[in-house]
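Heads up: the structure comes next, in structure tokens.
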Amino acid sequence: MNGAESLIRTLVDSDVTVCFANPGTSEMHFVAALDAVPAMRGVLCLFEGVATGAADGFARMTGKPAATLLHLGPGFANGIANLHNARKARVPIVNVIGDHAATHLRYDAPLTSDVGALARTVSHWLGTCREARTVAAEAARAVQAAAGAPG
């Protein structure tokens, strides 16, 4: 099992069963893992604002945390207005944000950004995984933070 499948299985085990996604190339392992874990429903969204708005609406309607999968910092930024509203309303959302491979960050590619700085503006909790073996524990902490007060 790779890190992406471990992440999805942990989310499902934590009762997060839908992920609204606008993936890019850095998230392809996650997209492939969706096929291996049929208990997670992946919903492809053609814009990040749609993904974050749908996650917000789903979580408000069901009372269960929803997940998003967003492409790098700029993709996260495209959905940030909905995440701002969700944070203010204490809606439980777990955002999975892809990033460049650590070895590529030094090249400052066009979509390179400080994902953590962006995410902190609308998050009560933030975790970063640099190794596949830490992903399950971080995912469990993310769901716990999203589902607990203040959301």
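The values are calculated or read from the model by the stated rules, or taken from the named source; none is laboratory data. Everything numeric in this text was worked out from a predicted model, so none of it was measured. Please note: Cβ atoms are built from the backbone with ideal geometry, for glycine as well, and neighbour counts cover all protein chains shown. Remember, those area values only see protein heavy atoms, side chains included, never the ligands or the DNA or RNA. Shrake-Rupley method; radii C 1.70, N 1.55, O 1.52, S 1.80 Å.
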Short version: ³J(HN,Hα) in whole Hz for each residue of the range 23-30, in order, from phi by Karplus 6.51 cos²θ - 1.76 cosθ + 1.60 (θ = phi - 60°), x for Gly and Pro, what are they?
x, x, 5, 6, 10, 5, 5, 5
Name the long-range amide H neighbours of V18: under 5 Å, sequence gap of 5 or more, or other chain; modelled H, no Pro or chain starts.
R41, A67
Which whole-Hz couplings ³J(HN,Hα) result when phi for each residue of the range 101-107 is put into the Karplus expression 6.51 cos²θ - 1.76 cosθ + 1.60, θ = phi - 60°, listed in order with x for Gly and Pro?
4, 3, 6, 9, 4, 5, 7
Determine how large the accessible area of E138 is when every protein chain is in place; take a 1.4 Å probe and give Å² rounded to the nearest 10.
30 Å²
Enumerate by residue number the chymotrypsin sites (Phe, Trp or Tyr not before Pro) in the range 1-83 meeting two conditions: DSSP loop (anything except H, G, I, E, B), and at most 15 other Cβ atoms within 10 Å of the site's Cβ.
F47
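Roughly to the nearest percent, how much of the accessible area of the range 60-151 is carbon and sulfur, given a 1.4 Å probe? Could the numbers behind the result be given before it?
Numbers: 2720 of 5130 Å².
After summing per-atom areas, the C and S share lands at 53 percent.
Kirkwood hydrodynamic radius, the range 95-151, all distinct C-alpha pairs: what's the number in Å? Walk me through the numbers before you get to the answer.
On the way: mean 1/r = 0.0785 Å⁻¹.
One decimal place: 12.7 Å for the Kirkwood radius.
Starting from the Cα coordinates of the range 3-147, work out the convex hull volume and express it per residue in Å³. Don't skip to the end; give the middle numbers.
Numbers: hull volume 13.6 nm³, N = 145.
Expressed per residue, the convex hull around the Cα atoms of the range 3-147 is 94 Å³.
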Average accessible surface area per residue within the chain, 1.4 Å rolling probe, Å²:
52 Å²
